[in-house]
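Below: the structure, in structure tokens.
The values are calculated or read from the model by the stated rules, or taken from the named source; none is laboratory data. These numbers were taken from a predicted model, which means no experiment stands behind them. Backbone-built Cβ (ideal geometry, glycine too); neighbour counts: all protein chains shown.
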Amino acid sequence: MPIGELSPYNRQWTIKARVTNKAQMRTFNKGSGQGKVFHVELLDAEGGEIRASFFNQAVDKYHDMLEKGKCFTFSRGNTKVANKQYNTTSHRYELTFDKDAIIEPAKDDAKIEVVKYNFVGLRTVAQRMLPATIDVCGIIVSSKPTQTVQSKEGVELLKREITVADDTKTSMVVTLWGERAKQADSVFEGNPAVVLKSVLVKEFRETRTGSLLQGGDLQINSSLPEAQRIKEWWSQNGSALELVQLSEQKDGSFGDSSRARNAKPTNLTGLREAQDTLGANAEIFSLVTRLALVQTRKQGEVQPLHYMACQEPKASNNYPCNKRVNEQGVCPVCDKPGGKVAPRLNIRCRYVDYEDAAWLTSFHEAAAKILGMSGDEVRTMELAAAERGESGREEFDNKIKERYFDKPLNITVRANMQVYNGEPRANMAVIDCQPVDHGKHGRSMLKDINELLAAQAVAGA
């Protein structure tokens, strides 16, 4: 049966397909025991693609057999609706195989492509709902040297950023990782045509950037017809055109002030309820609250309210780098000992209103307004507190406590849903803080009261 015809209504089937991608095996906790799983992506002669996952005994039996690039026949699997959060194929369904699965090697079929591409013009990425996984064919217009960065788990990773443009007159930065980033600089020079499969595109501070997934594919100077067409476009007039840059910030700010003007008014209860409907695109909320607590300790240990950030200008846009420097003052991106640095605030605060409370994170600009202190002032006080011991820390804590319940604050919160270690989690941060406009807030409260009275009158009638 062709892969394109697979559905839960067809139970007796056999497909012949090539393994175009194979993920590493991973373990997971299930009840009192532990399970294991890996997945592959399959492609057949009709061009149908589908993802297949193997669990437990099927992992033991078929993990070593299923090699990327080889053909097999597959049967006795279950078909279910695809989880698009993890599934990048275009098929509506996906397959799961357990101990009953039957997979057998098959002769190589020249009709089955080694890789199937579904190219997307970069101009359309500007309007896409994110995150999204796409295939790209374009020209490498620039590249950066390899860099070493640390993951949240403390693992050192090697990356390289390349800027890719296509004939929609649009460019986007794509990050390559590991061995793909290790290639010699000369490979990326001279504006070669590049083909990228499975680029994960995300939005950050109103810019869009891509990251080539581990299971994706990279071809430089590809012989594909699409790559030859793009190369011809670039050599004829593409290189002289002005490109729309998806990954470049349009100005020095990140649009938080303009977004705040269009923020949805709510309270802390409404903010909590909004978590159930959040998507990948950020939503902006406006709340009137009071500051109740700033987290200065975590599990009994002192929690710094600042870190030192690199202030060397980026080559691409001349804005400060702002990456955290190590204890020696060296930036992992710029790798420039003795470069410019400045303190940046990063605080976690508890806010309260008339019916609820919530912990929210605040970064530099908003944090300075909340604390009523600049980054330099916080750094000076924290260093002095560290030198003087517990008494110095108590004095610093008392200074911050002066802000607790002092005056009502009008905070602007940016919220969206992000994925951490495969689990969706609401990400909420305070991006602005202003004194409450009592006249405006009073009129808003009066409007709410009038609406409540009107609703009660209708209910009483």
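Annotations
- Inclusion of MET65 among residues that are under 28 Å from the mean Cα position of the chain (by Cα), more than 22 Å from GLY4 (Cβ to Cβ) and of a type outside the set (S, T, N, Q) is not warranted.
- Search result, residues across the stretch 270-326 that are loosely packed, with under 13 Cβ neighbours inside 10 Å and either of a type in the set (A, V, I, L, M) or not assigned by TED's automatic domain parsing to the domain that holds GLN418 (or both): ALA315
- Cβ-Cβ contacts under 9 Å between residues 6 or more apart (or on different chains), taken from a first residue in the stretch 333-350 that is under 22 Å from MET381 (Cβ atoms) and assigned by TED's automatic domain parsing to the domain that holds ARG297 to a second residue that is basic (Lys, Arg) and at pLDDT below 90, are listed as ARG344/ARG324; ARG348/LYS298.
- Of the residues ASP432, ASP406, the single one that is loosely packed, with under 12 Cβ neighbours inside 10 Å and out of contact with any Cys (no Cβ under 9 Å at 6 or more places or on another chain) is ASP406.
- Residue within the stretch 48-58 that is out of contact with any Lys or Arg (no Cβ under 7 Å at 6 or more places or on another chain), modelled with pLDDT under 90 and under 30 Å from GLY279 (Cα atoms) present: no
- In the set ASP100, ASP109, only one residue is under 13 Å from VAL19 (Cβ atoms), in a loop (DSSP other than H, G, I, E, B) and of a type in the set (D, E, K, R); that residue is ASP109.
- The set of residues in the stretch 381-422 that are of a type in the set (Ser, Thr, Tyr) and closer than 22 Å to LEU287 by Cα comprises TYR404, THR412.
- Looking across THR14, THR20, one residue alone is surrounded by fewer than 17 Cβ atoms within 10 Å (Cβ to Cβ), touching a strand residue (DSSP E or B) at 6+ places or on another chain (Cβ under 9 Å) and within 24 Å of LYS111 (Cα to Cα). It is THR14.
- Scanning the stretch 176-229 for residues that are in contact with a helix residue (DSSP H, G or I) (Cβ under 8 Å, 6 or more places away or on another chain) and β-branched (Val, Ile, Thr) yields VAL194, VAL195, VAL201, ILE220.
- In the stretch 105-128, the residues that are surrounded by 15 or more Cβ atoms within 10 Å (Cβ to Cβ) and in contact with an Asp or Glu (Cβ under 7 Å, 6 or more places away or on another chain): ILE112, VAL115, LYS116, TYR117, PHE119, VAL120, GLY121, LEU122
- Within the stretch 15-81, strands (runs of 3 or more DSSP E) holding 1 or more residues that are farther than 14 Å from GLU94 by Cβ: 26-30, 33-43, 71-75
- Verdict on PHE119 being among the aromatic types (Phe, Trp, Tyr), at pLDDT 90 or above and over 30 Å from THR170 (Cα atoms): no
- Complete set of residues in the stretch 264-295 that are in contact with a Lys or Arg (Cβ under 9 Å, 6 or more places away or on another chain) and among the hydrophobic types (A, V, I, L, M, F, W, C): ALA274, ALA280, ALA282, ILE284, PHE285, LEU291, ALA292, LEU293, VAL294
- Filtered residues of the stretch 367-392 (kept if in a loop (DSSP other than H, G, I, E, B) and in contact with a strand residue (DSSP E or B) (Cβ under 9 Å, 6 or more places away or on another chain)): MET373, SER374
- Residue match in the stretch 218-235 (condition: without any contact (Cβ under 8 Å) to a residue 24 or more places away in the chain, within 24 Å of VAL19 (Cβ to Cβ) and polar (S, T, N, Q)): yes
- Residues of the stretch 177-191 classified as crowded, with 18+ Cβ neighbours inside 10 Å and either polar (S, T, N, Q) or within 22 Å of GLY238 (Cβ to Cβ) (or both), total: 1
- Residues in the stretch 355-379 that are hydroxyl-bearing (Ser, Thr, Tyr) and modelled with pLDDT of 90 or more: 2 in all.
- Condition check for ARG414: under 30 Å from ARG26 (Cα atoms), of a type in the set (Lys, Arg) and not in a helix (DSSP H, G or I): no
- Residues located in the stretch 129-161, provided they are of a type in the set (A, V, I, L, M), part of a loop (DSSP other than H, G, I, E, B) and surrounded by 12 or more Cβ atoms within 10 Å (Cβ to Cβ): LEU130
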